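Working notes for the structure below.
The values are calculated or read from the model by the stated rules, or taken from the named source; none is laboratory data. Just so we're clear, the structure is a prediction, and the values are computed from it rather than from any experiment. Don't worry about glycine lacking a Cβ; one is built from the backbone with ideal geometry, like all the others, and counts go over all protein chains shown.
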Amino acid sequence: MENIQKLEKAIGYIFKNKDHLITALTHSSYANENKHLALAYNERLEFLGDAVLGFTVGSYVFRTFPDIPEGELTKLRASVVCEAMLSKKSAAMDIGSYLRLGKGEEMTGGRSRISILADAFEAIIGAIYLDGGIECAERFVLSQLKGDITVMRTGFKSLDSKTNLQEMIQRTSKIPLEYKIIDEQGPAHNKVFSASVSHNGKILGTGSGASKKEAEQAAAQQAVERLLDKETNKN
């Protein structure tokens, strides 16, 4: 019970029914090794938490950033609601040390495994939803992710990809980007151009289009997505 109270403090939510939290912390490997106890484990709660998480983040970015079109809202949500981000949040609350794992998972480093930590984070969201309702679950999700949403949002302004990329690079470097047309194919009336964008001698992205401008935009978009993926994994 002392451990449960310590974790509740880290989560910022006190459970009325502690069994919800215990189930969220129970991995299927533990339940399978203790079949005689007929234990509930966290996969169903993970499913529920994933739905609540997606809705909460989607609703928040929709209301907070009215200038962002649908496609970019989808990318923004995906950059926040990803395994790397969720496992990072889980690790920050030391959830791994509270998990009930089977001996095999325990011996192979399950307490620090990214997938298990991310799943446990979603299961806890599901547990909070069952215990206290949608408002409590949303409050928890946003307390954990609102700051990261703000950080990630900087790459999703409603500007063209070349401008987005320029702004991202300028945060840390004054070296200019370099665009090159690296290939063109097809007849004169139906050409397809391929372009690359480089920074300080390193190719950041490539892309194709019906014009040189389109190809450069496609290359910039790939570079933006790669940089955002890097930023997400770093966090």
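Could you tell me how many of the residues in region 185-235 are more than 30 Å from the chain's Cα centre (by Cα) and aliphatic (A, V, I, L, M)? Residues meeting the conditions: 3.
Residue count for region 2-50 under the criterion of being on the phi < 0 side of the Ramachandran plot and outside any helix (DSSP H, G or I): the result is 13.
Residue count for region 1-56, restricted to those that are modelled with pLDDT under 95, closer than 15 Å to residue 126 by Cβ and among the aromatic types (Phe, Trp, Tyr): 1. Among the candidates 96, 132, 186, the residue that is out of contact with any Ser or Thr (no Cβ under 6 Å at 6 or more places or on another chain) and in the same structural domain as residue 34 (by TED's automatic domain parsing) is uniquely 132.
Per-residue answers, yes or no, for (1) exposed (fewer than 13 other Cβ atoms within 10 Å of the Cβ); (2) assigned to a helix (DSSP H, G or I); (3) in contact (Cβ under 8 Å) with a residue 60 or more places away in the chain:
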position: 135; (1), (2), (3): yes, yes, no
position: 151; (1), (2), (3): no, yes, yes
position: 169; (1), (2), (3): no, yes, no
position: 217; (1), (2), (3): no, yes, no
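Selection of region 86-120 for residues being within 12 Å of the chain's Cα centre (by Cα) and surrounded by 22 or more Cβ atoms within 10 Å (Cβ to Cβ) yields 86, 87, 118.
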